[in-house]
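Data first, discussion second: the structure below is written as structure tokens.
Bear in mind these aren't lab numbers, they're just calculated from the coordinates by the rules spelled out. It should be emphasised that the depicted structure is a prediction, and the values quoted were computed from it without experimental measurement. Backbone-built Cβ (ideal geometry, glycine too); neighbour counts: all protein chains shown.
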Amino acid sequence: MLTKISGGHVIDPGYINARMDIWIKDGSIFEVCEEGKGTLESSSPDRIINAAGKIVVPGLIDMHVHLREPGHEYKETIETGLKAAVAGGFTAVCCMPNTKPVNDNAQITSFILEKARQAGLAKVYPVAAISLGLKGDSLAEYAELKTAGAIAVSDDGMPVSSGRLMRNAMEYASCFGLLTIAHCEDHELACNGCMNEGSVSTRLGLRGIPNISESIMVMRDIELSDLTGVPVHIAHVSARESVNAIREGKKRGIKVTAETAPHYFTLTDEAVGNYDTNAKMNPPLRTETDRLAVIKGLEDGTLDIIATDHAPHSVLEKELEFDKAANGICGLETSLGLSMKLVHDGIIGMESLVRLMSTRPAEILGKDNHLKPGNNADIAIIDPDAEWKVDSSKFQGKSKNTPFNGWDLKGRAVMTIVDGRIVFEL
Amino acid sequence: MQLSGKDILDISSLSMDEINLILDTAERMKEINQRPVKKVPPLKGKTIVLFFHEPSTRTKLSFDIAAKRLSADSISMAASSSSMVKGETLLDTAKTLEAMNPDIIVIRHSSSGAPHFIAKHLKASVINGGDGMHAHPTQALLDMMSVRQKKGRLDGLKIAVIGDIAHSRVARSNIEGFTKMGSEVVVAGPPTMIPIGIESMGARVAYSTDEAVKGADVVMMLRIQKERQGDFLFPSEREYAREFGLNPKRLEKAAPDAIVMHPGPMNRGVEISSDIADCGRSVILEQVSNGVALRMALFLLLSGGVKNVDED
Ligand SMILES: [Zn+2]
């Protein structure tokens, strides 16, 4: 099977930024070459994909999604989650362990990978639990989880309150090459809050979550990384104090990496409006100052990547009193369009965006995602100027919870290729 | 003039004119409450549901009396008797209520925003009878009514609101209401009880209770919820009473003709000393009777006006 992606503007940060052809042979990249100058030019490909006017990039990788299976299949299944992923240009996703049962053992990890294989869409890199049952009392069996295919450990959704457990988790995970991903939240300071603490929460009479309930734990985990010498990846950064702490940590040479999500650089706590539960998430939407600090962090490399924290919920969890509604929004299908706004607004270049959404997540996960001969052909083709309206009723995922319904966005994936197969085409 | 919206959810969505209309209408209702036969027919055949998801004997009684004096059929629904304890959601409850075709629903709920949620799903008028820490518009309106009676006006007054501002829906609605009508609202209490950004609602934060009370025309004390002591908000009732409670000595700092208010029920000896609660400057009991008149006014205005109040 021979495929040629012809005439697209190929962007592979640090390697390629030019109009090129890509030849794919049997699922792998065979050659990336000047237009019409490939060594296979004289042979006739089985398929030619015309990418003129489009941007061709290494497939996007979302380091933070919730696929809900096993346990909450009514919100999302691995298959529907992966449909949403490929529709967003993602060729791989990391799925968090807060399923039911929790992914804290090899059987669940294997189950997830088997379901992902059956779906045959985007790749799945399972993130296993740090602690058994996400309870924060004892370590999960990392060796067995690694063997089963886990790529990292995290108690996402539940903060690891014990500093000692977190330290030991980082040290123990490192000997199996598992990345530790930290959901940074001081439960006591968050104190049952349901939105950002500030003038909006005061006006609405909702319990607030202060910025430092996040940043204080970011600081702790940076110090633990310094102590242990083990890398730590900070999930979903929302607060300016966290951005500052990570910037300082990096300056000190600590192996800290971090992600933010499109909603944190697009919205503020004003989006809660009159108790709109689609704007309820954890960490919560913050203020304009935080939003700008997050953008600055993306600009100067303090924040390494854009992830989505894709958190599908049914109306059963969202059509409720604000304080009782579930946290989270669907992110996979709007992430690229929202992030492209940073490019269209001239804040970052397209190459930086590809780094944030594709090659840097791969590096952090220890994967090589570059468009190099021999690598798997995981590719996204993006139309940077496509104007489209978010219509949650047309989401490929099962759930529709998004604060962006009806938004006009510019830029989206028009084709997603995994191992040389077209898994999504607009 | 009529109200522009179908619901009374908070003070911020009412205009100055609407507030004046409500207060004027409530004044007319007071007279009915003094008649030997305290019942007029304008709401005959109308159904008012009192849906109290959070217990409150006083507020519920006030709404109930108001409904009955206007000849409406009032039906009470408490959380414990509703299906919500059996796992029904608020949306289910809203739909069930809608199917019963009520005209007005009064809702009291422990979650901020629950009345907004119900109002969105219902054709009936919704009155917020107090939601979480968010709003208590009928309390604020009856407080404004009580102040206007005593002071003859609302603009240019200094209103001191003292106590747990952070957790008080009464404080929020009163800040919105009095500032909208031209008063100055100063809040005070322990810093653990002053929420971030309260200034953005129009209140000034005083450094001490004494400063807040100084020159005030109205001193409004808020109820301290004793069960909040576990939240590290204040060390003891004794210390609270001394530093933040209203006593004769502290009241001397207020304007000579200052009045004292409290939304009730009071913790005597904690936020308010007993002699102050019962003194001639206290309008606490008038607040209660104005509450009935005010709620009658809202029922009338929401169901289309006051035309036939005096028909028999
Ligand atoms: Zn998380």
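Å³ per residue of the Cα convex hull, for segment A:322-423?
Cα-based convex hull of segment A:322-423, divided per residue, equals 145 Å³.
Which value results for Rg/Rh of chain A when Rg is the Cα radius of gyration and Rh the Kirkwood radius based on the inverse mean 1/r?
0.96
Summarise the partner chain shielding of B:111-119 as one whole number: the mean count of Cβ atoms from other chains within 10 Å of each residue's Cβ.
Per-residue shielding by partner chains comes out at 6.
Would you list, by chain and number, the aspartates and glutamates whose Cα falls below 13 Å from the Cα of A:LYS4, excluding same-chain residues fewer than 8 positions away?
The qualifying aspartates and glutamates are A:ASP21, A:ASP26, A:GLU31, A:GLU34, A:GLU35, A:GLU41, A:ASP46.
Past the 24 angstrom mark, what percentage of all C-alpha to C-alpha distances in segment B:217-312 do you count?
Roughly 40 percent, once rounded to a whole number.
Over segment A:182-267, what lengths in whole Å, largest first, do the semi-axes of the equivalent ellipsoid take, defined as the square roots of 5 times the eigenvalues of the alpha-carbon gyration tensor?
After scaling each eigenvalue by five and taking roots: 26, 13, 9 Å.
Mind checking the alpha-carbon convex hull of segment A:284-381 and giving the volume per residue in Å³?
142 Å³
Given C-alpha coordinates of segment A:95-206, what is the ratio Rg to Rh with the Kirkwood estimate of Rh?
Rg divided by Rh gives 1.08.
Within straight cross-link reach of B:LYS214, meaning Cα distance under 20 Å, which lysines are found once same-chain residues fewer than 8 apart are removed?
Cross-link targets: B:LYS150, B:LYS151, B:LYS158, B:LYS249, B:LYS253.
Please list the radius of gyration and Dmax for chain B, considering alpha-carbon atoms only, with Å as the unit.
19.2, 57
On a C-alpha basis, how far is the centre of segment B:26-46 from the centre of segment B:87-102 in Å? Whole number, if you could?
30 Å
When you look at the Cβ of every residue in B:196-202, what mean number of other chain Cβ atoms sits within 10 Å?
4
Mind pulling the per residue volume of the convex hull built on the Cα atoms of segment B:103-220? Å³ is fine.
101 Å³
Order of B:ARG35, A:ARG355 from fewest to most other C-beta atoms within 10 Å?
Sorted ascending by nearby Cβ count, the order is B:ARG35, A:ARG355.
Just round it to a whole percent: the fraction of Cα-Cα distances in segment A:23-147 exceeding 17 Å.
64 percent
For segment A:71-143, would you read off the P(r) tail past 20 Å as a percentage of all alpha carbon pairs?
In whole percent, the long-distance tail amounts to 30.
Could you state the number of Å between the C-alpha centres of segment B:105-184 and segment A:272-302?
30 Å
Over all directions, what mean area does the Cα convex hull of segment B:116-183 project, stated in square nanometres?
Here the figure is 5.2 nm², rounded to one decimal.
Could you give the length gained on full extension between B:ILE75 and B:ALA255, defined as 0.36 nm per residue of separation minus the Cα-Cα distance, in nm?
60.4 nm
In whole Å, what are the Cα extents of the protein assembly as shown along the three principal axes, biggest one first?
Principal axes ranked by extent give 104, 55, 46 Å for the Cα atoms.
With θ set to phi - 60°, apply the Karplus curve 6.51 cos²θ - 1.76 cosθ + 1.60 along segment B:118-124 and write out the HN-Hα couplings as whole Hz, x wherever there is a Gly or Pro.
The phi angles translate into 4, 4, 5, 9, 10, 7, 5 Hz.
Percent relative contact order of chain B, based on C-alpha pairs within less than 8 angstrom and at least six residues apart?
21 percent
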